[in-house]
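Here is the structure we will look at.
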Amino acid sequence: IKASVEAVCPGVVSCADILALAARDSTVLVGGPYWDVPLGRRDSLGASIQGSNNDIPAPNNTLPTIATKFRRQGLDVVDLVALSGAHTIGLSRCTSFRQRLYNQSGNGMADATLDASYAAHLRQGCPRSGGDDNLFPLDFVSPARFDNFYFKNLLVGKGLLSSDEVLLTKSAETAALVKAYADDVDLFFQHFAQSMVKMGNISPLTGAQGEI
């Protein structure tokens with residue numbers, strides 16, 4: 001995409017803008033909402049996987065930790081739950097949720113909040129050891145469609161990651177949003193679109209910072 005854009009108007013469109021537009025368009029292509037993407041964001045001069053991992057919630061983070069990571073970026077609880085709904089598409093590695101199947105709280109037991117039949121199904125492809133990179137849909141009902149089944153799955157104990165499940169079980173505020181989005185796909189789409197714009201406006205590079 002970058003090469004094609006550069007051929008038409010060199011030095012004008014950043015990789016950051018291309019990624020933001022691709023995220024929006026791919027969401028629309030799999031049935032999700034459309035939103036206007038604010039353009040003109042510059043690219044960083046460097047990249048840091050450690051910096052990214054410090055800021056992005058991990059699959060087994062507690063809800064307070066996840067909320068703190070969002071809050072540091074100027075994102076609130078509505079943004080947290082709405083953006084988590086992106087897990088309506090995509091896949092996760094076995095290593096990201098294995099502890100829920102075998103040893104969630106250090107006592108050698110599965111996560112009690114995980115539906116037993118769903119856990120048994122997951123264990124077939126995610127053993128105690130090995131298979132780290134085996135892939136599983138984040139939304140097993142409609143893994144390639146952008147809808148609100150992610151939230152419906154949470155209500156019946158069939159969210160894949162611990163960071164998904166805690167939205168329902170660890171906070172009345174986040175649980176209310178999970179239930180609202182499960183009941184009203186249009187509300188989810190509206191909030192998701194608004195939160196994507198907010199996320200795209202995190203700490204833009206200005207003045208002499210960054211590059212195209």
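Assuming a ≥ b ≥ c are the square roots of the Cα gyration tensor eigenvalues, decide whether region 1-69 counts as rounded (a/c under 1.5), prolate (otherwise, with a/b larger than b/c) or oblate. All intermediate terms of the calculation are to be shown ahead of the outcome.
Numbers: a/c = 2.89, a/b = 1.53, b/c = 1.88.
Oblate, since a/c reaches 1.5 and b/c is not below a/b.
For the chain, the per residue solvent-accessible surface stands at 53 Å², with DNA, RNA and ligands left out and a 1.4 Å probe. Name the shape class, rounded, prolate or oblate, that the alpha-carbon gyration tensor gives for region 119-212, where a ≥ b ≥ c are the square roots of its eigenvalues, rounded holds for a/c under 1.5, and otherwise prolate holds if a/b is larger than b/c and oblate otherwise. Since a/c reaches 1.5 but b/c is at least a/b, the shape of region 119-212 is classed as oblate. Mind jotting down the distance between the C-alpha centroids of region 1-32 and region 119-146, whole Å? After rounding, the separation between the Cα centres reads 30 Å. For the chain, taking a cut-off of 4.7 Å between Cβ atoms, the unpaired cysteines are CYS9, CYS15. Taken over region 130-185, the percentage of Cα pairs per 10 Å bin, counting from 0 up to the bin with the maximum distance, is 25, 51, 20, 5.
Counting only protein heavy atoms and a 1.4 Å probe, tell me what percentage of the chain's accessible area is made up of carbon and sulfur. Don't skip to the end; give the middle numbers.
On the way: 6430 of 11250 Å².
With neighbouring chains kept in place, the figure for the chain is 57 percent.
Across region 1-41, how large is the tail of the calculated P(r) beyond 13 Å, expressed as a percent of all Cα pairs? That fraction is 54 percent. Here's the picture: a label point sits 7 Å out from the Cα of ASN53 along the beta-carbon direction, and within region 90-131 the residues with their amide nitrogen under 19 Å of it are 92-99.
Per-residue packing, averaged as other Cβ atoms within 10 Å, sorts the ranges 47-55, 88-96 into the order 88-96, 47-55, beginning with the highest.
The order of the peptides 6-16, 68-78, 158-168, 143-153 by mean Cβ neighbours within 10 Å, most packed first, is 158-168, 143-153, 68-78, 6-16.
Taking region 166-194 and a reference point 7 angstrom along Cα→Cβ of ALA23, the backbone N atoms nearer than 17 Å belong to 189-194. Helical runs assigned H by DSSP (4 residues or longer) give the chain a calculated mean residue ellipticity at 222 nm of -14500 deg cm²/dmol, each run adding -39500 (n - 2.57) before division by the residue total.
The values are calculated or read from the model by the stated rules, or taken from the named source; none is laboratory data. Owing to the predicted nature of the structure, the values given are computational and were not obtained by experimental measurement. Note that each Cβ is placed from the backbone with ideal geometry, even for glycine, and that neighbours are counted across all protein chains shown. SASA here: full protein model, heavy atoms, side chains in, ligands and nucleic acids out. Shrake-Rupley method; radii C 1.70, N 1.55, O 1.52, S 1.80 Å.
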